[in-house]
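To keep things clear, I will list the structure first and then write my remarks on it.
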Amino acid sequence: MDKTLLLLLVITVCVFSSSAQLSVGFYGRTCPRVESIVKRVALDKFKQAPTSAAATVRLFFHDCFGCDASVTLASTPANRAEKDADINKSLAGDAFDSVMKAKKAVEAECPGVVSCADVLAILTRDFVGLTGGPTWQVKKGRRDGRISRAEAATANLPGAEFSVNQLLKNFATKGLNLVDLVSLSGAHTFGFAHCDQFSSRLYNFSSSNRMDPTMSSSFASDLKKSCPIRGGNPNLVEPFDPVTPFEFDNAYYKNLLAGRGLVTSDQELYSDRRTRKLVRLFSKKRQRFFNAFADAMDKMGSIGVKTGTSGEIRRDCSRIN
Ligand code: HEM
């Protein structure tokens, strides 16, 4: 058998066997109210800071190339943790705060029982639902990791300038396929990105094109106003979807059809003929997108999980016990 095929087979078996140990009713006896406790925190946090929803969904993704809450661990003098990798520096404080608050509320009722990784998985599902998106049953039983390395985040996470080839390869190493890639990218239907993540598309795209030719020119003009070539505010963010930036809907795909994808990896999904068909489908059929997204989130939430006796149930999500 070809080496790549063998590797894919091994990954699929690993993802499947770990997800087989997760279950919806995992805390049925040990913490039966866990879901309602987390939901309450999500609601309160969302009222206070609506940006927490998209921020938490992104945090889950960045954790879930090995869903073990390693992304919430703080660095120590001897170790630079994942959250301090360059690619993770823009993860929003409100996402971490949501996890800390939810974990604290759960600990008050069921001390030492529910992992930070499961809290993050439940929170994410709740935030998607609160913003108008689909809902799904969260399988639980993940345990928390004791290792968190900045280099691993840098090596594993996809970059904003990735092509579809690179994205497909990156997702395949985690057992995720083309449908997962297109549906999960739909999370860019809400939330924000910093100018430096897309400004090369506006000013120095390539030797023959200053601007990315796949970008709508009116969209580019709007972005140039907020993100000037020089002297802009590095903290400024632009919405992925300027019309409904706090709503989880299928506007992302409609935007791609109009050349209004914010980062390269978004617009590429419409430029590449392998992914274009699905973009078109999701732009027309919101429910098809919602179903595919829910399935892919379930699948992503099982990647590299620790179950049984590996890892631990952290008491404080920012430190190992
Ligand atoms: C396909 C590859 C992906 C790439 C290259 C990518 C890249 C990015 C970039 C560059 C940002 C902006 C960061 C900033 O400047 O603050 C961002 C934000 C975001 N990403 Fe992704 N992403 C990808 C996939 C995903 C997936 C799979 C999800 C979740 C299922 C996701 C959820 C989000 C969300 C919700 C935001 C907005 C965060 C906020 O407003 O705080 N992304 N992503």
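Taking the conditions exactly as written (surrounded by fewer than 22 Cβ atoms within 10 Å (Cβ to Cβ), among the acidic types (D, E) and not assigned by TED's automatic domain parsing to the domain that holds P134), does D272 satisfy them or not?
Criteria met by D272.
From S226, S318, which residue is surrounded by fewer than 18 Cβ atoms within 10 Å (Cβ to Cβ), of a type outside the set (K, R), touching a residue at least 12 places away in the same chain (Cβ under 8 Å) and more than 16 Å from the ligand (Cβ to nearest atom)?
From the options S226, S318, the qualifying one is S318.
For segment 24-33, does any single residue satisfy the condition of being free of Cβ contacts under 8 Å to residues at least 60 places away in the same chain, within 15 Å of the ligand (Cβ to nearest atom), surrounded by fewer than 21 Cβ atoms within 10 Å (Cβ to Cβ) and not assigned by TED's automatic domain parsing to the domain that holds F171?
No; the residues of segment 24-33 include none that is free of Cβ contacts under 8 Å to residues at least 60 places away in the same chain, within 15 Å of the ligand (Cβ to nearest atom), surrounded by fewer than 21 Cβ atoms within 10 Å (Cβ to Cβ) and not assigned by TED's automatic domain parsing to the domain that holds F171.
So is E312 acidic (D, E), within 14 Å of the ligand (Cβ to nearest atom) and more than 17 Å from V57 (Cβ to Cβ) or not?
So E312 does not fit the description; no.
Can you go through F192, F198 and tell me which one is touching an Asp or Glu at 6+ places or on another chain (Cβ under 7 Å) and within 16 Å of the ligand (Cβ to nearest atom)?
Step by step, each of F192, F198 is checked, and only F192 is touching an Asp or Glu at 6+ places or on another chain (Cβ under 7 Å) and within 16 Å of the ligand (Cβ to nearest atom).
Is there any pair with a first residue in segment 128-142 that is outside the structural domain of Q287 (by TED's automatic domain parsing) and a second that is in a loop (DSSP other than H, G, I, E, B) and charged (D, E, K, R) whose Cβ atoms are under 9 Å apart and which are 6 or more apart or on different chains, and what are they?
From residues that are outside the structural domain of Q287 (by TED's automatic domain parsing), the pairs are T131/E247; T131/D249; G132/E247; G132/D249; G133/E247; G133/D249; R142/D68.
Out of contact with any strand residue (DSSP E or B) (no Cβ under 9 Å at 6 or more places or on another chain), surrounded by 15 or more Cβ atoms within 10 Å (Cβ to Cβ) and either assigned by TED's automatic domain parsing to the domain that holds A117 or farther than 22 Å from D126 by Cα (or both), is that true of A85?
The answer is yes for A85.
What's the number of the only condition in (1) buried (at least 18 other Cβ atoms within 10 Å of the Cβ); (2) assigned to a helix (DSSP H, G or I) that K169 fails to meet?
Only one criterion in (1) buried (at least 18 other Cβ atoms within 10 Å of the Cβ); (2) assigned to a helix (DSSP H, G or I) is unmet by K169, namely (1).
The values are calculated or read from the model by the stated rules, or taken from the named source; none is laboratory data. All values derive from a computational prediction rather than experimental measurement. Because the Cβ atoms are built from the backbone with ideal geometry, glycine has one as well, and the counts that use them run over all protein chains shown.
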